[in-house]
Amino acid sequence: MKFFIDTADTAAIAEIKSLGMCDGVTTNPSLLAQAGRRDTDALLREICDLVEGPVSGEVVATDAAGMIREGERLAGLSEYMVVKIPTTYDGLKAIAALSGQGIPVNATLVFSPSQALLVAKAGAAYCSPFVGRLDDVSHNGMDLIEQVVTIYTNYDLETEVLVASVRHPNHVVEAALMGADIATIPPKVIKQLVQHPLTEKGLAAFLADWDRLQGK
Ligand code: E4P
């Protein structure tokens, strides 16, 4: 399973990359706003140079022609850029056009299996179902992942399932059990994934015994 990092914070990306846990990065307008830099093209280029793997940058146009223009510009920033397109009717037109030009597209804001089926047929390289936001409205986000993995497997669709809106370690574990290709994970959740109270407790006991052996 590939781990993408869900942030535009270059320091956090560099740290997680040094752990060997960064196969790519996803950003969106909110994450770019959090990074607090107006030179978003320069920031996306920096992230691409750092990651040397797929980096998603999102269009803000909402009409197909605007999305295609913006997507072509974003794709020109780096060989690693992936263009994020919202899953609307106009978005489908942009996904088909950009994918047809060989530009990798990440279909974002996917909340239903029908949307996932359509973006795959339109040629998206990645499909991003948002699990946390579904949980927030009393749906089970992971049910959607199971459905999308089943549909893509049934028809050998090449679009990769990119689990997005990850909020806690169980989202990642369940995604792995379901065979999702990728999870995009906030830096905080990467840290949570390695924590276990019994590891902390066991380590403290080992160190206390070691100190006793040394006569401390
Ligand atoms: C990534 O591609 C998504 O934009 C991101 O995971 C959304 O996460 P959120 O629902 O926590 O904002």
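The values are calculated or read from the model by the stated rules, or taken from the named source; none is laboratory data. What you are looking at is a predicted structure, and each value in this text was computed from that prediction instead of being measured. Counting neighbours? That spans all protein chains shown, and the Cβs are built from the backbone with ideal geometry, glycine included. The accessibility values were calculated without ligands, DNA or RNA, using every heavy atom of the protein model including side chains. Shrake-Rupley method; radii C 1.70, N 1.55, O 1.52, S 1.80 Å.
With the requirement that a residue be within 16 Å of the ligand (Cβ to nearest atom) and among the small types (Gly, Ala, Ser), what does region 47-86 give you?
GLY53, SER56, GLY57, GLY71
Could you grab me the full set of residues in region 117-145 that are over 14 Å from THR88 (Cβ atoms), in a helix (DSSP H, G or I) and within 16 Å of the ligand (Cβ to nearest atom)?
VAL131, GLY132, ARG133, LEU134, ASP135, ASP136, GLY141, MET142, LEU144, ILE145
Is it fair to say ALA176 is in a loop (DSSP other than H, G, I, E, B), of a type in the set (Gly, Ala, Ser) and under 29 Å from VAL163 (Cα atoms)?
Taking the combined requirement at face value, the residue does not satisfy it.
With respect to SER114, determine if the residue is open to solvent by 10 Å² or more (accessible area, probe 1.4 Å), of a type in the set (Gly, Ala, Ser) and away from the ligand (no atom under 11 Å from the Cβ).
yes
Which is of a type in the set (Asp, Glu) and in contact (Cβ under 8 Å) with a residue 60 or more places away in the chain, of ASP9, ASP49? Spell out how you get there, then give the answer.
Working: ASP49 fails: in contact (Cβ under 8 Å) with a residue 60 or more places away in the chain.
When all the criteria are applied, what remains is ASP9.
Report, ordered by the first and then the second residue, all pairs with beta carbons closer than 6 Å, sequence separation of six or more or different chains, a first member in region 98-109 that is under 10 Å from SER128 (Cα atoms) and within 16 Å of the ligand (Cβ to nearest atom), and a second member that is open to solvent by less than 30 Å² (accessible area, probe 1.4 Å) and in a helix (DSSP H, G or I).
Sorted first by the residue in region 98-109, then by its partner, the pairs are ALA107/ILE95; ALA107/VAL119.
If you take the residues in region 161-176 that are touching a Phe, Trp or Tyr at 6+ places or on another chain (Cβ under 7 Å) and without any contact (Cβ under 8 Å) to a residue 60 or more places away in the chain, which one is surrounded by the fewest Cβ atoms within 10 Å (Cβ to Cβ)? Don't jump to the end; show me each part of the working.
Step one: filter region 161-176 for residues touching a Phe, Trp or Tyr at 6+ places or on another chain (Cβ under 7 Å), giving 161-162, 164-165.
Then drop every residue that is not without any contact (Cβ under 8 Å) to a residue 60 or more places away in the chain, which leaves 161, 165.
Working: VAL161: 27, SER165: 21.
That would be SER165.
Pull up region 63-88, narrow it to residues that are in contact with a helix residue (DSSP H, G or I) (Cβ under 7 Å, 6 or more places away or on another chain) and either modelled with pLDDT under 95 or closer than 13 Å to ALA42 by Cα (or both), then point me to the one that is least open to solvent (accessible area, probe 1.4 Å).
The residue in question is MET81.
Given the options GLY141, GLY179, name the one that is under 18 Å from the mean Cα position of the chain (by Cα), on the phi > 0 side of the Ramachandran plot and open to solvent by less than 60 Å² (accessible area, probe 1.4 Å).
Only one candidate qualifies: GLY179.
If you scan region 31-45, which residues turn out to be of a type outside the set (Ser, Thr, Tyr), touching a helix residue (DSSP H, G or I) at 6+ places or on another chain (Cβ under 7 Å) and open to solvent by 20 Å² or more (accessible area, probe 1.4 Å)?
Selection gives LEU32, ALA35, ARG37.
Does region 88-116 hold any residues that are part of a helix (DSSP H, G or I) and in contact with a Gly (Cβ under 9 Å, 6 or more places away or on another chain), and which are they? Steps first, please.
Taking region 88-116 as the starting set, the residues that turn out to be part of a helix (DSSP H, G or I) are 89-100, 113-116.
ASP90, ALA94, ILE95, ALA96, ALA97, LEU98, SER99, GLY100 - these are the residues of region 88-116 that are part of a helix (DSSP H, G or I) and in contact with a Gly (Cβ under 9 Å, 6 or more places away or on another chain).
Report, ordered by the first and then the second residue, all pairs with beta carbons closer than 8 Å, sequence separation of six or more or different chains, a first member in region 132-152 that is over 13 Å from LEU109 (Cα atoms), and a second member that is hydroxyl-bearing (Ser, Thr, Tyr).
TYR152/THR159
When residues of region 2-30 are filtered for being more than 12 Å from the chain's Cα centre (by Cα) and either buried (at least 17 other Cβ atoms within 10 Å of the Cβ) or more than 14 Å from the ligand (Cβ to nearest atom) (or both), how many remain?
Adding up the residues that qualify gives 13.
Can you find even one residue in region 46-56 that is open to solvent by 50 Å² or more (accessible area, probe 1.4 Å), out of contact with any Ser or Thr (no Cβ under 9 Å at 6 or more places or on another chain), modelled with pLDDT of 95 or more and not small (Gly, Ala, Ser)?
Checking region 46-56: at least one residue is open to solvent by 50 Å² or more (accessible area, probe 1.4 Å), out of contact with any Ser or Thr (no Cβ under 9 Å at 6 or more places or on another chain), modelled with pLDDT of 95 or more and not small (Gly, Ala, Ser).
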